[in-house]
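Coordinate-derived values only; no laboratory data. This is a predicted model, so every value here is computed, not measured. A quick note on method: Cβ atoms are made from the backbone with ideal geometry, for glycine too, and the neighbour counts reach across all protein chains shown.
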Amino acid sequence: MELALGALGALTGGGGAAAAGGAAAAGTAAATAGTAATAATTAGSGLSVSGILKGVVGIASALTAVQAADIQAEQYDMKADDSESAARDEEVKGMQRSTNIKRQLAKALGENAVKFAASGQLVGEGVSEDNALSLEERASSDITVDRADTDARMALHRARAAGWRRVASRTRSAGRSRGLIGALGAAAGMFG
């Protein structure tokens, strides 16, 4: 600006040169005052380019921490889903085992009846009946024990699933807390 005013003064002659010199001095003073006002505003607000950059990086880091916690929580949720699936599988396997025990009982009772009928004894009386009752009691006991084992395994899988869900929830909560604290710290650092 000073060069432009100086060139204008040279074109207008001597009297214009003095006027141009005065205008140049005024322009320089105005530019200096503007720069000082900008510096005072920046200093007064506590903002600086490096502070703003640090704040932006800090906030981005906080958001990344939240995202990482969410990803880890999703992995825990998948483990919980796997445990629940294992509990359902265990229930199905338990029903299959009970069905197999009942089939074996029916087969054994049939063989028992054939054996005693072939020997000429009455089926459903005496030794034949005692043998059939013994087979039924053993099958009933086997089914009861298997159901108890199945229920215990199912309860274990469901407890694991509930544990993984709690871990996932706590991971999300902790990640959000860390992210919020990091974002607040980054925002505060922008003014420091």
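One table, with the values for the structure above:
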item: Whichever aspartates and glutamates have a C-alpha closer than 16 Å to that of LYS79, once near sequence neighbours (fewer than 8 apart) are set aside; result: ASP70, ASP89
item: The stretch 106-150: C-alpha pair distances exceeding 17 Å, %; result: 37
item: Neighbourhood charge, 13 Å Cβ-Cβ cut-off, centred on GLY179 and excluding it, Lys, Arg +1 and Asp, Glu -1; result: +2
item: Stokes-Einstein D in µm²/s, Kirkwood radius over Cα pairs - the stretch 83-158 at 37 °C with 0.692 mPa s viscosity; result: 236
item: Principal axis dimensions, largest first and in whole angstrom, of the stretch 46-188 by Cα; result: 108, 15, 9
item: Residues of type aspartates and glutamates that LYS93 reaches as a straight line, Cα spacing below 13 Å, ignoring anything fewer than 8 places off in the same chain; result: ASP146, ASP149, ASP151
item: Order by protection proxy (mean Cβ within 10 Å, highest first), peptides 167-179, 114-126; result: 167-179, 114-126
